[in-house]
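Right, one structure below, let's go through it.
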Amino acid sequence: MKLHALLAAAALACAPLGAPSPALAQAPAAPAPAARGASPVFDAVRARDHIRCGVSQGTPGFSVPDGQGVWRGFDVDFCRALAAAVLGDPNKVRFQPYSAQQRFTALQSGEIDVLARNTTYTFQRDIQLGLEYGAILYYDGAGFLARRQPGLTNARGLDGATVCVQTGTTNELIVADFARANRIRLQPLVMQNLEEILQALFSGRCDAMNWDRAALAGTRLRAPRPDDYVLLPEVLSKEPYSPVVAQGDVRWLEIVRWVGFALIEAEENGVTSANVDEMLRSPDPQVQRLLGVSGGFGQMLGIDNRWMYSAIKASGNWGEIFERNLAPLGIDRGINRLWSQGGTLYAPAFR
Ligand SMILES: N[C@@H](CCC(=O)N[C@@H](CS)C(=O)NCC(=O)O)C(=O)O
């Protein structure tokens, strides 16, 4: 490389933040959205003027319709934030419920634009099913919710039990793996529908159910007598949840991914739904980039520079979404604390 080229490269790599490097100063402005290549999903979303968000049929804390039929939950709030970021309005989203079995087909066939449905990021789904994961937004692990019995204090104590699981979930395999690894006998009762499973659990047809622990904590509260059920202490697996999109539309994937990361970044920077207007005047360059005051990140994604202002105003930051939906179920943040507080939540650099 010639000396002047090396110096230009060094200037680009090492320029202080906020001050445009000589190379950047001469560079053309961020490309207009159309210059970034096609996004069939985003174009369709814009034309339709709403996002179709695939959710569960009723996972406590993540996606459940309330008494008025309004969808609530962590995944629901993510989709509202996405709608606010992309279309400027958190209400421009339709929620379409799917069972575990149906969810990926709905995405592959284009029935939905994004799946935000307590869905675990796994190798096989990523590689074999033609799916793309946006960003890990919640770290869970599978567990057992069991009918309380004298002496039942851990999962090995379930030897001989009938365990309900839903077909098409990671939990189906986890039950078999756990029984084999611990040389106990578990009789799986595999069902399509969550309501059937809950009925079976609450009527005593199964002794326990296997699901992800946050959802189980919420399920316990739905029992006619919650104290009759116990969430056993074992964390049996890794269940990192991420919104999912179909393969083949990188621009849409990037939008979904960075809206997720930006909700974490907002919490890190103390930007909340309550203070976001004030924060527009923050001198902090990190906050300015997040809120589109500088940097032009929205435009780089092909959307409005106020994308995250709108999203945070609508749904709040990650912590607010957690407090609204999961904390009321008695769930501790645990490893879902920010990395700066000893947890795993970490957004890539906003620069
Ligand atoms: N995170 C796991 C489990 C997801 C899952 O679908 N679990 C079932 C219960 S075991 C569920 O959420 N059912 C709610 C519904 O069908 O609406 C996965 O991605 O496979």
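The values are calculated or read from the model by the stated rules, or taken from the named source; none is laboratory data. Everything numeric in this text was worked out from a predicted model, so none of it was measured. Virtual Cβ from ideal backbone geometry, glycine too; neighbours counted across all protein chains shown. Accessible surface areas use protein heavy atoms only, side chains included; no ligands, DNA or RNA. Shrake-Rupley method; radii C 1.70, N 1.55, O 1.52, S 1.80 Å.
Summary table
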quantity	calculated
Residues located in segment 116-155, provided they are charged (D, E, K, R) and away from the ligand (no atom under 11 Å from the Cβ)	Asp126, Glu132, Arg147, Arg148
Residue that is at pLDDT 95 or above and farther than 27 Å from Pro328 by Cα, where the choices are Val250, Val256	Val250
Segment 59-115, residues that are within 14 Å of the ligand (Cβ to nearest atom), in a helix (DSSP H, G or I), over 16 Å from the mean Cα position of the chain (by Cα) and not small (Gly, Ala, Ser)	Thr105
Number of the condition not met by Gly204 [criteria: (1) more than 10 Å from the ligand (Cβ to nearest atom); (2) on the phi < 0 side of the Ramachandran plot]	(2)
Filtered residue count, segment 262-314, keeping only those that are surrounded by fewer than 22 Cβ atoms within 10 Å (Cβ to Cβ) and among the aromatic types (Phe, Trp, Tyr)	1
Considering residues of segment 156-173 that are polar (S, T, N, Q) and in a loop (DSSP other than H, G, I, E, B) only, the residue farthest from the ligand (Cβ to nearest atom)	Thr167
Residue pairs meeting the criteria (Cβ under 8 Å; at least 6 apart or on separate chains; first closer than 24 Å to Tyr121 by Cβ and open to solvent by less than 40 Å² (accessible area, probe 1.4 Å), in segment 156-185; second in a helix (DSSP H, G or I) and of a type in the set (Asp, Glu))	Val165/Glu172; Gln166/Glu172
Qualifying residue in segment 187-198 (condition: open to solvent by 30 Å² or more (accessible area, probe 1.4 Å), outside any helix (DSSP H, G or I) and touching a residue at least 40 places away in the same chain (Cβ under 8 Å))	yes
Every residue from segment 60-78 that is buried (at least 23 other Cβ atoms within 10 Å of the Cβ) and among the polar types (S, T, N, Q)	Ser63
Single unsatisfied condition, Ala327 versus (1) open to solvent by less than 50 Å² (accessible area, probe 1.4 Å); (2) free of Cβ contacts under 8 Å to residues at least 24 places away in the same chain; (3) over 23 Å from Leu221 (Cβ atoms)	(3)
Criterion violated by Gln128 - all others in (1) touching a residue at least 24 places away in the same chain (Cβ under 8 Å); (2) open to solvent by 20 Å² or more (accessible area, probe 1.4 Å); (3) of a type outside the set (D, E, K, R); (4) not assigned by TED's automatic domain parsing to the domain that holds Leu186 satisfied	(1)
